[in-house]
Amino acid sequence: MNTIKATEGLTYLFSNDQRIRLIHGVLKGLGVAPSRDDYPDLVQEGCLIFAQVYAAYPQPVTPANERQLMTYAYRQIRWRLLDQLRRGQHRVTLRQYSLDDDLAGGSQLADPQAGAAFVQLERKAFFAELRSQSSGTARKYLDLVLSGRFQNDAAIARHCGVSPQAVYQWRRQLVATGRRIRRANPDML
């Protein structure tokens, strides 16, 4: 890659505020939220990919073919960042558990931010506090959910030999306790 041409590509990218939005648009299209810890790194990576694409672009860039360049760059940046995110996803497969998701569905969601050590520590502290302040049945429900063996509350009800309404009440108690802890300690989670 020609470093002079790549430098021209970065200059071209940053010379207009509308052009840098391309990188943010790619990340938004990939479902990467600006609140992620690695979002600024991914923006920088996208800018470097744009510089490489600009350097390798076969035609001289003019106002007439700028749209073609931006479309081509969008695809290239998207593919390369997607590959990078997939590689990162294979290394870290951690889960975040939510008490507020719909009651009929599963209770676990993939957490793209769980790779950060401090986030894991905050969640561990929150769940330890939640467990210590919960009643016996709510604590049992929390342990079963966090074990990951059950797909939904109906499966937990069958396992425990109780009605789904009973499990719903355990869940409501747990959610109320979790909200009380979050109100008392807003920095915990």
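Do any residues in the stretch 133-149 that are farther than 11 Å from LEU174 by Cβ and in contact (Cβ under 8 Å) with a residue 12 or more places away in the chain have Cβ atoms under 6 Å from those of residues that are of a type in the set (Ser, Thr, Tyr) and outside any loop (DSSP other than H, G, I, E, B), where the two are at least six apart or on different chains, and which pairs are they?
none
Would it be correct to say that ARG172 is surrounded by fewer than 15 Cβ atoms within 10 Å (Cβ to Cβ), of a type in the set (D, E, K, R) and modelled with pLDDT of 80 or more?
Numbers: surrounded by fewer than 15 Cβ atoms within 10 Å (Cβ to Cβ): yes; of a type in the set (D, E, K, R): yes; modelled with pLDDT of 80 or more: yes.
It is true that ARG172 is surrounded by fewer than 15 Cβ atoms within 10 Å (Cβ to Cβ), of a type in the set (D, E, K, R) and modelled with pLDDT of 80 or more.
Return a yes/no flag: does the stretch 136-148 have any residue that is modelled with pLDDT of 75 or more, surrounded by 11 or more Cβ atoms within 10 Å (Cβ to Cβ), within 16 Å of the chain's Cα centre (by Cα) and of a type outside the set (Ser, Thr, Tyr).
Scanning the stretch 136-148 turns up no residue that is modelled with pLDDT of 75 or more, surrounded by 11 or more Cβ atoms within 10 Å (Cβ to Cβ), within 16 Å of the chain's Cα centre (by Cα) and of a type outside the set (Ser, Thr, Tyr).
Residues checked against (1) more than 19 Å from LEU82 (Cβ to Cβ); (2) surrounded by 15 or more Cβ atoms within 10 Å (Cβ to Cβ):
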| site | (1), (2) |
| --- | --- |
| GLU8 | yes, yes |
| LYS28 | no, no |
| SER35 | yes, no |
| PRO40 | no, no |
| GLN44 | no, no |
| ILE49 | no, yes |
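If I ask for residues that are within 12 Å of LEU130 (Cβ to Cβ) and among the small types (Gly, Ala, Ser), which ones from the stretch 142-177 would you list? Working first, answer last.
Looking only at the stretch 142-177, we keep the residues that are within 12 Å of LEU130 (Cβ to Cβ), and these are 142-143, 145-146, 173-177.
Hit for the stretch 142-177 is ALA176, nothing else.
Just a yes or no: is a residue in the stretch 70-88 among the aromatic types (Phe, Trp, Tyr), over 30 Å from ALA55 (Cβ atoms), surrounded by 12 or more Cβ atoms within 10 Å (Cβ to Cβ) and at pLDDT 65 or above? Reasoning before the result, please.
The first filter runs over the stretch 70-88 and keeps only residues among the aromatic types (Phe, Trp, Tyr), leaving 72, 74, 79.
Applying the additional criterion that residues be over 30 Å from ALA55 (Cβ atoms) yields none.
No: the stretch 70-88 contains no residue that is among the aromatic types (Phe, Trp, Tyr), over 30 Å from ALA55 (Cβ atoms), surrounded by 12 or more Cβ atoms within 10 Å (Cβ to Cβ) and at pLDDT 65 or above.
Give, as residue ranges, the helices (runs of 4 or more DSSP H) completely inside the stretch 3-88 that count at least 2 residues that are among the small types (Gly, Ala, Ser) and under 15 Å from the mean Cα position of the chain (by Cα). Lay out the reasoning, then the answer.
Details: elements: 3-14, 17-29, 39-56.
Hits in the stretch 3-88: none.
Are any residues in the stretch 156-169 among the hydrophobic types (A, V, I, L, M, F, W, C) and surrounded by fewer than 15 Cβ atoms within 10 Å (Cβ to Cβ), and if so, which ones?
From the stretch 156-169, those among the hydrophobic types (A, V, I, L, M, F, W, C) are 156-157, 160, 162, 166-167; that's our starting set.
Passing the criteria: only VAL162.
The values are calculated or read from the model by the stated rules, or taken from the named source; none is laboratory data. Since this is a predicted model, take the numbers as computed values, not measurements. Glycine also receives a Cβ, built like all others from the backbone with ideal geometry; neighbour counts cover every protein chain displayed.
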